[in-house]
Amino acid sequence: MLSQPIQEKLDRELKKYPVDQKQSAVMSALRFVQDEKGWIAPEDMADVAAYLGMAQMAVYEVASFYHMYNLKPMGKHTLTVCTNLPCQLSGAADTVAHLKTRLGIGLGEVTADGKFGLREGECMGACVDAPMFTVNNRKLCGRLTAEKIDQILAELSTEQGAKP
Amino acid sequence: MINIEIDGKHIESESGSTIIQAAHSAGIAIPHFCYHKKLSIAANCRMCLVQVEKAPKPLPACATPVSEGMKVFTVSEQAVKAQKGVMEFLLINHPLDCPICDQGGECQLQDLAVGYGGVASRYAEAKRVVTHKDIGPLVSAEEMSRCINCTRCVRFGQEIAGVMELGQAFRGEHAEIMSFVSSTVDSELSGNMIDLCPVGALTSKPFRYSARAWELSRRRSISPHDSLGSNLAVQVKGNQVMRVLPVENEAINECWLSDRDRFSYTALNVPERLTKPMIKQGGKWQEVEWQTALEYISHGLRDIAKRGGAEQIGALATPNSTLEEMYLLQKLLRGLGSNNVDFRLRQSDFSADGKQAGAPWLGMAVADINQADRFLLVGSFLRKDHPLLASRIRQAVKRGAQANVLHSTDDDLLMAVANKSIVAPSAMVSVLAQILQALATEKKARLDGAVQALVQAGSPSAEAVAIAKNLAGGQHPAILLGNFAQQHPQAAQLQLLAQHIAALCNAKFGFMGEAANSLGGHLAQAVPFAGGKAGMNATAMLAAPRKAYLLLNVEAELDTHNPQQALAAMYAADMVVAMSAYKHFASDYADVMLPIAPFTETSGTFVNTEGRVQSFNGTVKPLGEARPAWKVLRVLGNMLNVEGFDHDSSEAVRDEALGGMDVSSKLNNTLGGTEVRGLGTEQAPAHHSAPGPQSSALSGLQRVADVPIYSSDAMVRRAPPLQATHDALPPSAAMHGDELAKLGLKPGDMVKASQGEGSVRLSVVLDNRLPRGVVRVAAGHALTAKMGAMFGTISVERA
Ligand code: SF4
Ligand code: FES
Ligand code: FES
């Protein structure tokens, strides 16, 4: 079952679409789930499917198509580093390498304490600030250097009660 | 009409059609993978690129509509260059495993690669690998690296089967076809994905690695299971049936097959096949020669007829028997002086016998379903009983038709249902009468006296009114009675009401025949009322046990309306002759077992539910000493000195049976002169919409019995891959949550379900879509063979 808050948000979302087009809300539904628990489990997809009257596989198609949906548990703070060409030319490889050593994890992995996750992402449409990563798909951090990265990591480590 | 030119050839094409359709209708081939005439257009493979005059670049022929004066070039330099380019891309990731690929020899990719592929690949990088999947016992997805992502399988599920079980997950070069978290594909039409897959990604699990396409000879046949009469290509190697494929027939099965029709062949050579005549002597079964067995039978029958009269002999056939078999069976019986012959083994109401103007049939051509704009489906487990009729109705609904349902279960039909009334079996007649009443009000018509008695005072339920209004709003309504309605203890009343409803809204009305030859049985006169003095029907013959029974394909405890009664009659008889392709429980009650040929080993005829007479030849030689039943019956006729048993071919039997008959003139569902009883209080719940609380203190629950799709006849019951599917799970006791609460049960509990003398242990299933007051317990399955009638009261208690 989708949680009460998710159902409420989803009901609001559903008002935007014709009644026989409930599946239009599938991306929002998945986003609400991920906002709540940090990732989207198959059971959540099944719940979304039931709620929107869709085939479970159709929900899975959407969830697996879009990169920003986490199909497995990620860290409390998941950093997604853009590794597309403009970022690469500006040193994205160094960003990734630095993060890997600092966090001791590879791409697609989560630190043992569950605090940090590391992912690779596509162009974020902000190449002017390359190289860059996002925190939990929400906060953009650009013009990264080793120092700046360390500073961000330190801030995130101490941050209390941050919403995943 | 639009004039276009393809490769210099002038073609007239309907406006709105695509280039590929125009080309195909003119016999011009355009290479393609994702396009399929029965599926929506995806235009994702790009194999069909052609050159179009004035277009700046090649266009996909499958997705480009024709326009006046269009000039298309399918083999020009530009077109061929584009096609070769696409082929090179397709082959980049495709494994080079044709020598070990089951699709080899019948692979569209292989064929087109010969025409458009290069000699060697310019691609030296790593190929993508897609992991194999287990999607169930019928369809193999073991080599998904072969998939070219045409999405035909996905679209088939969404559009034809009505349920999206496969989908394309991920994206770009990571895209892969899979089911949701490794669930199985459970559609009753899943095998069609094998045919649709243009490569060897989806293959037939039962057929895998057993033969090469080019080793197989292809023989036409007709499905012996449901009443649609799907056209089959039975493929044979070394006198063994290796697989079954559809033969396209737009008027019947289109290009599809149900899984039952496609995979039942796996039961042809199972160890349970009966291959020698056998006689029980001193409680022991002995293999004997045919001559011995037949002499034993003819002596026995003569003896019984002499001592007790010929009426002591009864004959029962399943409706899956051929026309010839049933014709000779009734001729033999009548020759001996008995009219006790019937094939309607699961029917319980015979009050319409002799009162119907003709043989019960669909009331329309199968293809007419496409044109219907309103449906009323009465008492039908539609998807499981008639998988392809269901698909046809589904397509009609997709095009805008509206479906209404009156039934005792609410299984998902995988189509939009406009209105439904889901009520206990005892309320079916009442609700149908309410629909009639509401329709009469709607049409300002007066009700015929014949049905007046069924219509009660009071106003019809909201559902009934909605259904009536819906029907009244249609131009071409169709009212179809399913197996459940035909097996219902008030079947004649349901029929009469449906007939009057049809008359009021100008609808076609008919029966979806129970099995392959449900109509043929009537034409073959294998019914007790067909000749002279009326004999006993299937139920009567078992209720008042006979001294001798001839069983044709019948498994007494699985194929009859009331297994308890049937078995008691068998045990009480002096002689039971079981003609069967399989050894079965008859070994317990029969005296003689005769090995007869299944449909692949005999010639014969099935008359489908629309009245289409379809004859077929045997495709392989009978196994062991099995013989076609028509030959067995002919010899038996000779031995018993019955006149007119000198046919030398099944065609001769058929011609005698049909006797130059104009079949269509024999088809008539009109019921006249039925004495219509008013409803007793017991069957007359008040006019509330019936899933309401049932007032009767729970002395028991009404049984709702379906015959699961893979329990329908002796052959499918023994097809191992079908028995491994989800649809073949053992029967359970399904009830509404309120009933569970009353009984203090929860899903998964074991209960003792008792009916009559017998009881069985079943596990409890929660189904809140069932009406209250019923328990759903399937029939036709060994687990429930100790139960009584398919309709009736069951008491359920914790086991
Ligand atoms: S599995 Fe076959 S039918 Fe399905 S997308 Fe792949 S190639 Fe097409
Ligand atoms: S390439 Fe990295 S943001 Fe555009
Ligand atoms: S057949 Fe036209 S794009 Fe696939």
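The values are calculated or read from the model by the stated rules, or taken from the named source; none is laboratory data. Keep in mind the model is a prediction, meaning the values are calculated, not measured. Note that we place each Cβ from the backbone using ideal geometry, even for glycine, and neighbour counts take in every protein chain shown.
Looking across the stretch B:29-59 at every residue that is among the small types (Gly, Ala, Ser) and closer than 20 Å to B:Leu109 by Cα, the one that is nearest to ligand 1 (Cβ to nearest atom) is identified as B:Ala42. Listed by first and then second residue, the pairs linking a residue in the stretch B:18-45 that is outside any loop (DSSP other than H, G, I, E, B) to a residue that is exposed (fewer than 15 other Cβ atoms within 10 Å of the Cβ), with Cβ atoms under 6 Å apart and 6 or more places separating them unless they lie on different chains, are B:Thr18/B:Pro65.
Of all residues being touching an Asp or Glu at 6+ places or on another chain (Cβ under 9 Å) and assigned to a loop (DSSP other than H, G, I, E, B) in the stretch B:1-17, which is surrounded by the most Cβ atoms within 10 Å (Cβ to Cβ)? Just the residue, please. Top of the filtered list is B:Ser15.
Against the numbered list (1) within 14 Å of chain A (Cβ to nearest Cβ); (2) not in a loop (DSSP other than H, G, I, E, B), B:Val130 comes up short only at (2).
Annotation note: of A:Ala49, A:Ala58, A:Ala63, the sole residue that is facing chain B (nearest Cβ under 8 Å), under 21 Å from the mean Cα position of the chain (by Cα) and buried (at least 16 other Cβ atoms within 10 Å of the Cβ) is A:Ala58. Using the structure shown, decide if B:Glu757 is surrounded by 18 or more Cβ atoms within 10 Å (Cβ to Cβ) and of a type in the set (Asp, Glu). No, not satisfied.
Can you go through A:Lys115, A:Lys37, A:Lys72, A:Lys100 and tell me which one is under 13 Å from the mean Cα position of the chain (by Cα) and outside the structural domain of A:Asp11 (by TED's automatic domain parsing)? After applying the criteria, what remains is A:Lys72. Would you check which residues across the stretch B:260-294 are in contact with a helix residue (DSSP H, G or I) (Cβ under 7 Å, 6 or more places away or on another chain) and of a type outside the set (Phe, Trp, Tyr) and list them? Once the filter is applied, which keeps residues that are in contact with a helix residue (DSSP H, G or I) (Cβ under 7 Å, 6 or more places away or on another chain) and of a type outside the set (Phe, Trp, Tyr), the stretch B:260-294 yields B:Arg260, B:Ser264, B:Thr266, B:Ala267, B:Leu268, B:Val270, B:Glu272, B:Pro277, B:Ile279, B:Leu294. The set of residues in the stretch A:124-145 that are within 12 Å of ligand 2 (Cβ to nearest atom) and under 14 Å from the mean Cα position of the chain (by Cα) comprises A:Met124, A:Phe133, A:Thr134, A:Leu140. Restricting attention to the stretch B:177-219 and to residues that are part of a strand (DSSP E or B) and surrounded by 20 or more Cβ atoms within 10 Å (Cβ to Cβ), the residue that is nearest to the other protein chains (Cβ to nearest Cβ) turns out to be B:Ser179. Report whether or not B:Leu96 is without any contact (Cβ under 8 Å) to a residue 12 or more places away in the chain and more than 16 Å from ligand 2 (Cβ to nearest atom). It is true that B:Leu96 is without any contact (Cβ under 8 Å) to a residue 12 or more places away in the chain and more than 16 Å from ligand 2 (Cβ to nearest atom). B:Ile177 meets the conditions (1) over 23 Å from A:Pro42 (Cα atoms); (2) within 16 Å of ligand 3 (Cβ to nearest atom) in every case but one. The failed one is (1). Considering B:Val75, B:Val80, the condition of being buried (at least 17 other Cβ atoms within 10 Å of the Cβ) and at pLDDT 95 or above is satisfied by B:Val80 alone. Checking each residue in the stretch B:46-56 for being assigned to a loop (DSSP other than H, G, I, E, B), free of Cβ contacts under 8 Å to residues at least 60 places away in the same chain and within 14 Å of ligand 3 (Cβ to nearest atom) picks out B:Arg46, B:Cys48. Taking residues in the stretch B:183-208 that are modelled with pLDDT under 95, and partners anywhere that are within 16 Å of ligand 3 (Cβ to nearest atom) and assigned to a loop (DSSP other than H, G, I, E, B), not one pair has Cβ atoms closer than 8 Å while being at least 6 places apart or on different chains. The single condition among (1) more than 27 Å from B:Arg392 (Cβ to Cβ); (2) buried (at least 18 other Cβ atoms within 10 Å of the Cβ); (3) facing another protein chain (nearest Cβ under 8 Å) that B:Met164 does not satisfy is (1). Counting only helices (runs of 4 or more DSSP H) that sit completely within the stretch B:429-544, those holding 3 or more residues that are touching a residue at least 60 places away in the same chain (Cβ under 8 Å) correspond to B:462-472, B:483-487, B:491-505, B:518-523, B:538-543. The condition of being under 27 Å from A:Asp47 (Cα atoms), away from chain A (no Cβ under 12 Å), more than 23 Å from the chain's Cα centre (by Cα) and surrounded by 18 or more Cβ atoms within 10 Å (Cβ to Cβ) holds for only one of B:Ala169, B:Ala141, that being B:Ala141.
Scanning the stretch B:765-775 for residues that are outside any loop (DSSP other than H, G, I, E, B) and surrounded by fewer than 24 Cβ atoms within 10 Å (Cβ to Cβ) gives B:Val765, B:Leu766.
Of all residues in the stretch A:10-46, those being away from chain B (no Cβ under 14 Å) and among the acidic types (Asp, Glu) number 4. Only one residue in A:Met68, A:Met54, A:Met27, A:Met74 is of a type outside the set (Phe, Trp, Tyr) and either within 16 Å of ligand 2 (Cβ to nearest atom) or touching a Leu at 6+ places or on another chain (Cβ under 8 Å) (or both), so which one is that? After applying the criteria, what remains is A:Met68.
Looking only at the stretch B:167-182, residues that are in contact (Cβ under 8 Å) with a residue 24 or more places away in the chain and closer than 25 Å to B:Ser391 by Cα come to 3 in all. Take the conditions (1) within 14 Å of another protein chain (Cβ to nearest Cβ); (2) away from ligand 1 (no atom under 14 Å from the Cβ); B:Ala82 misses just one of them, which is (1).
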